[in-house]
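Notes to accompany the following structure.
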Amino acid sequence: MKRLLLIAVLFIGGLIAPKTAEAQIQVRVNIGVQPIWGPVGFEYVEYYYIPEIDVYYHVPTREFIYYKNGRWIARKTLPSMYRHFDFFRTRVVVINEFRPFLRHHEIKRRYENYRDFRPYITIRDVRDPRYFVNKHHPEHYRWVKEQQRKDRDARYRDRDRDRRDNDRRDNDKRYNDRRDNDRRDNYRRDNDRRENDRKKVDKKNSSNNDKKGNRNDKRDNNRNGGSNYRR
């Protein structure tokens, strides 16, 4: 019993796992919504932490999260004091976890003197076609053209497929019509042949009846002639 139960659990798990994995793959890619001042190399980003101004940026909602009046607030724009802040000249930290600002003291202590001297390329400056999907990227028009080309090719493929399907249906219809015509012609020929055969039989029977009648008449005449002779 336990073995059967284990097999059932494994079977159900096998059915659910591919769907779960597919959902995770679909969710864990958000290059198209990452800000162009963000660093390249991340398929998915949940939060950026900007140590220089002690602010978080939530990528999915495109909101800045900062501490004000004793609480964390989320806004589409930064406070006025950072209005002219240059995001392309600062360093940001990618944090993929749930609400990292809830442990802000630990994160701040870790990154308050953050310096990353590796080559730092922002999404704006990269020429990787994967990032062209971002509508704020300077090369976004290339992605748009590529999508238009793919859509055009898809329409051509659909049109060709519809044409082939129509041709196939027309050929099938012509074949069926020809087969029906042949069947009707064969049926008509069979009827004509049967009718001819019937007429031949009737004619033959009529001829035989006529011959039989002539023989009977001749016999009667002979009989009558013989009787007169005897008288």
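The values are calculated or read from the model by the stated rules, or taken from the named source; none is laboratory data. The structure displayed is predicted, hence computed values, not measured ones. Cβ coordinates were reconstructed from backbone atoms using ideal geometry, including for glycine residues, and neighbour counts include every protein chain displayed.
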Criterion (of a type in the set (A, V, I, L, M, F, W, C), free of Cβ contacts under 8 Å to residues at least 24 places away in the same chain and closer than 30 Å to residue 147 by Cβ) met by exactly one of 132, 87, 64, 42: 132
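Residue-wise test of (1) surrounded by 10 or more Cβ atoms within 10 Å (Cβ to Cβ); (2) farther than 22 Å from residue 36 by Cα; (3) among the hydroxyl-bearing types (Ser, Thr, Tyr); (4) modelled with pLDDT of 90 or more.
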| site | (1), (2), (3), (4) |
| --- | --- |
| 101 | yes, yes, no, yes |
| 115 | no, no, no, no |
| 135 | yes, no, no, yes |
| 139 | yes, no, no, yes |
| 149 | yes, yes, no, no |
| 155 | yes, yes, no, no |
| 161 | yes, yes, no, no |
| 164 | yes, yes, no, no |
query: Among strands (runs of 3 or more DSSP E) lying entirely in the range 44-98, which contain 2 or more residues that are charged (D, E, K, R)?
result: 63-68, 71-75
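To keep it simple, each residue is scored yes or no on (1) outside any helix (DSSP H, G or I); (2) touching a Lys or Arg at 6+ places or on another chain (Cβ under 9 Å); (3) not assigned by TED's automatic domain parsing to the domain that holds residue 45.
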{"site": "103", "(1), (2), (3)": "no, no, no"}
{"site": "107", "(1), (2), (3)": "no, no, no"}
{"site": "127", "(1), (2), (3)": "yes, no, no"}
{"site": "148", "(1), (2), (3)": "no, no, yes"}
{"site": "156", "(1), (2), (3)": "no, no, yes"}
{"site": "168", "(1), (2), (3)": "no, no, yes"}
